[in-house]
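The values are calculated or read from the model by the stated rules, or taken from the named source; none is laboratory data. All values reported here derive from a predicted model rather than from experimental measurement. Cβ atoms come from the backbone with ideal geometry, glycine included; neighbour counts cover every protein chain shown. Quick note on the areas: whole protein, heavy atoms, side chains included, nothing else; ligands and nucleic acids left out. Shrake-Rupley method; radii C 1.70, N 1.55, O 1.52, S 1.80 Å.
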Amino acid sequence: MEHLHQTEFGSDRYLEKINRSHSHGQHAEAQPGSSNTNILTQAQSPFILPIRGATALEPEEAPFRSNEQKRGDKKHILGVVRSRFQKHVPSHTPEQTIRIPSSTEPVAKRSRPFDQLFYDLPNELQVEIIASLPLSDILNLRLASRSLHALVSLNEAPIARYHLDHHVPAYAKRLYPVSEGTSLNLHYLCGIWHRLHVAAKLSYLMCEWISKELFLRDTEEKKREFAAQRERMRRRLIPVLFTVFHFFETYRDRHLKYLTERNEKGLLREPYTTNPIETEIMNMYDDRTLLRVHEAFPLVISSFCRRLRPPSYVGRVERSLRGYLREKPPDEVHVAILCIGGLREVERIWEVKGYNTRRAAVDNWYNMISKDPVEPEPKRRRGMLGGLKRKKSLAALGKVTANESPPPLPRLPGDIGAGVGDRSHNLVFNTSLSAGMPMSPLGREQLKMLLPDLPVLQKIWLETAEAMILDRKIVERPSDIKRNAQIFTDLIREDGVEDEDQWWYGTVAPESVMPSLEAIEEDAL
């Protein structure tokens, strides 16, 4: 039996009370004078609609009915409840009408641009996203806008740290450690990747030349059969050439320092058993690195020298017909290219196609560093009345006089306290990348100091390295050092690749630190 204060939802008694309240509401609207009395009576009614918690409901038993009848009654109930609810809601203007969306109506999502979503992130997340990009994309991102330029420039340390931990091989970090007291920056990171690019590209060029000239793989079928050996040789030569890059780069800096401290009295004027500059540099290398580079160093020098001379099988008649009129350059030119230009200049000359064009490029480069530039003579005016013409003013020519200052430069958001044209605090001109690339061109005074004191080509590295290898007892006797054919066999052998990769590239080395053929086809950093 039901309680007296309850009424079943949807029963006849329930509908009767709803209809009764509806009729009372219409009667109250017909009699405006009795509105207050009806409202009080309705509020004191024992039945209250089940909206926001109902109380004091009268009971009534509900007879059994079919589902279709109940569904129709419920629609009628909801319509009545909605109409009654709208009567008690205060009226709104058309602009203030509240629209309640139905459950089946799709809700339109507001799409925001990606840049706004990116800038809404915290600064730490923005830097973490940028650090995961490739280095070339990070450098291009600095050119997108001033805000991104400032974001990258002010957070160089975490970006460089991420790439140093995930993408830089172990041998590069051993040769170029971060100096104490200095923070990581993009200049340090780009310098390492520049050297890696040069080593990878030169390794590829050397392997192509060795496969064709020494292994005689000159047809497409033979090249396909030799592809696996050529790839292993390329991967083994990259760390070796990177170390050779480090040797010539450090040798040039230490040689200039040596000449400066001794008032330009170089090594040729002092007797020595082993080159002191080479000894100082080779002390930076561990035993395994020193031995491997010493074994492959003659191959690097001989292949480069072979690239700068005409084919040996060409006779005088054929040489004159083919145009091979120039002989190979002297040893002084080879030494200048290696000790002053470094492996970057070796790679640039190696890529020049055609012997005559390559020899002309060598002569032009050597004349540029060995001879003073000649200023072109001003052209003389033709005609007797040529000098009587009126000269144009500087304002008309758009020139700036010596007393005038250059036009002001735009100011970046990070230039706090700097003037509009002040470059001393401008982020564009004072980022770490403004220091320049590794082995950048030297000045005229430095070239005049180095050129007369360059070593002999046949004595670079070899004598000092072999004496140090025997002194460290890396090998017991000189015959244990691999030479000539043993080097090629060691470069193309199949076993030992995993052990060498672990030693060169690190214990946990992702594929990004092992340069592929696609990586060296990109532009150098």
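Restricting region 198-222 to residues that are open to solvent by less than 30 Å² (accessible area, probe 1.4 Å) and polar (S, T, N, Q), which is farthest from F488 (Cα to Cα)?
S203
Is there any pair linking a residue in region 346-367 that is modelled with pLDDT under 90 and among the hydroxyl-bearing types (S, T, Y) to one that is open to solvent by 20 Å² or more (accessible area, probe 1.4 Å) and not in a helix (DSSP H, G or I), with Cβ under 7 Å and at least six apart or on different chains, and which?
Listed by first residue and then by second, the contacts come to Y355/Y324.
Would you point out the residue of region 116-153, among those that are closer than 21 Å to W193 by Cβ and assigned to a loop (DSSP other than H, G, I, E, B), that is most open to solvent (accessible area, probe 1.4 Å)?
Per the criteria, the residue is L143.
So, in region 410-457, how many residues would count as being in a helix (DSSP H, G or I) and modelled with pLDDT under 65?
0
Just to be sure I understand the filter: pairs with C-beta atoms under 8 Å, separated by 6 or more residues or on different chains, first member in region 148-159 and under 12 Å from D137 (Cα atoms), second member in a helix (DSSP H, G or I) and open to solvent by less than 20 Å² (accessible area, probe 1.4 Å). Which pairs pass?
Close Cβ pairs satisfying both conditions: V152/I130; V152/I138; V152/I159; V152/L186.
For region 458-508, what are the residues that are assigned to a loop (DSSP other than H, G, I, E, B), surrounded by 14 or more Cβ atoms within 10 Å (Cβ to Cβ) and either among the basic types (K, R) or out of contact with any helix residue (DSSP H, G or I) (no Cβ under 8 Å at 6 or more places or on another chain) (or both)?
K482
Determine which single condition R292 fails, assuming it passes every other condition in (1) touching a residue at least 60 places away in the same chain (Cβ under 8 Å); (2) in a helix (DSSP H, G or I); (3) open to solvent by less than 60 Å² (accessible area, probe 1.4 Å); (4) under 20 Å from K459 (Cα atoms).
Against the list (1) touching a residue at least 60 places away in the same chain (Cβ under 8 Å); (2) in a helix (DSSP H, G or I); (3) open to solvent by less than 60 Å² (accessible area, probe 1.4 Å); (4) under 20 Å from K459 (Cα atoms), R292 comes up short only on (1).
Step by step: first the residues of region 295-329, then only those that are open to solvent by 60 Å² or more (accessible area, probe 1.4 Å) and not in a helix (DSSP H, G or I), then the one that is modelled with the lowest pLDDT. Which residue is that?
Here the residue is Y313.
T243: hydroxyl-bearing (S, T, Y) and part of a helix (DSSP H, G or I), yes or no?
Considered against the rule, which asks whether it is hydroxyl-bearing (S, T, Y) and part of a helix (DSSP H, G or I), T243 comes out as yes.
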